Structure formats: C-alpha cells, structure tokens
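Engineer: Let me begin by handing over the structure; questions about it come next.
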Amino acid sequence: MDFGKFKYEEKKKAQQSKKKQQIIKVKELRMRPNIGDHDLENKLKMGKKFLSEGYKLKLTLMYRGREMSRQDLGQELMQRVLSTLSEHAELEKDSPLTGRKKSIILAPK
C-alpha cells in the first residue's frame, strides 16, 4: 500500500469528522457587585441577544478591594440576573468564588 495514499485518506477522514462536530461558543458578560440599574439592563439585553443566537453565556462577577467584605451584594445581584434570564436560559454550571471572581454559565433553552 502506498504510504502517501494512506496519509491522504487519514486526512480526509479527519476532515469529515471535524465537519460534523458542533462547536459551542461562549459569550461572557463581566460585572461588578455595585453595577448601576441601567448598566445592568443593557448587559441583560445583550445576554438575551446572545442566548437567542444560540451562544452559551458566562456571567462573571468581579470583586475589587472592599467589595470582598460584601459578597452578599454579589449573591443578590446574581440571583436578580438569574431570575431575569430564567425564561431564556437555564443554569448549567455554578462555580464557587475563585480568587476575586465568581462565574456562572447559562445555556439557552
């Protein structure tokens, strides 16, 4: 058997298998615990748009300085965001606080 022909067929098989796989894209929204109401509305509007386009949505809450002592504000904000986006998305993964960031991943319904 010709080795060149074998390599060519292997390459074609790899291309065919790659063609059928589905790539999951993730969009990220970053926010801080004391975000303004209007800013939050705009971020949620973008999040709804991303979810309707089929993207997964990663919400990252970043704490800076003294905000670490008021983590309850961040939890309250995350619950508010989840309740707003609950009709468009479902919670896929909830990560614990890592360093100064907390992330959750939402998948479209």
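Engineer: Looking only at the stretch 28-50, which residues are assigned to a helix (DSSP H, G or I), closer than 11 Å to Leu77 by Cα and of a type outside the set (A, V, I, L, M)?
Structural biologist: Residue satisfying the conditions is Asp37 alone.
Engineer: Any residue at all in the stretch 90-102 that's under 21 Å from Lys45 (Cβ atoms) and buried (at least 16 other Cβ atoms within 10 Å of the Cβ)?
Structural biologist: no
Engineer: Then there is this: Which ones in the stretch 51-72 are assigned to a helix (DSSP H, G or I), surrounded by 14 or more Cβ atoms within 10 Å (Cβ to Cβ) and either touching a helix residue (DSSP H, G or I) at 6+ places or on another chain (Cβ under 9 Å) or touching a residue at least 40 places away in the same chain (Cβ under 8 Å) (or both)?
Structural biologist: Across the stretch 51-72, the qualifying residues are Leu51, Glu67.
Here, each number is a calculation from the coordinates, and none is a lab measurement. Being a predicted model, the structure only gives us computed values, none of them experimental. In this analysis, Cβ positions are derived from the backbone assuming ideal geometry, glycine residues included, and neighbour counts consider all displayed protein chains.
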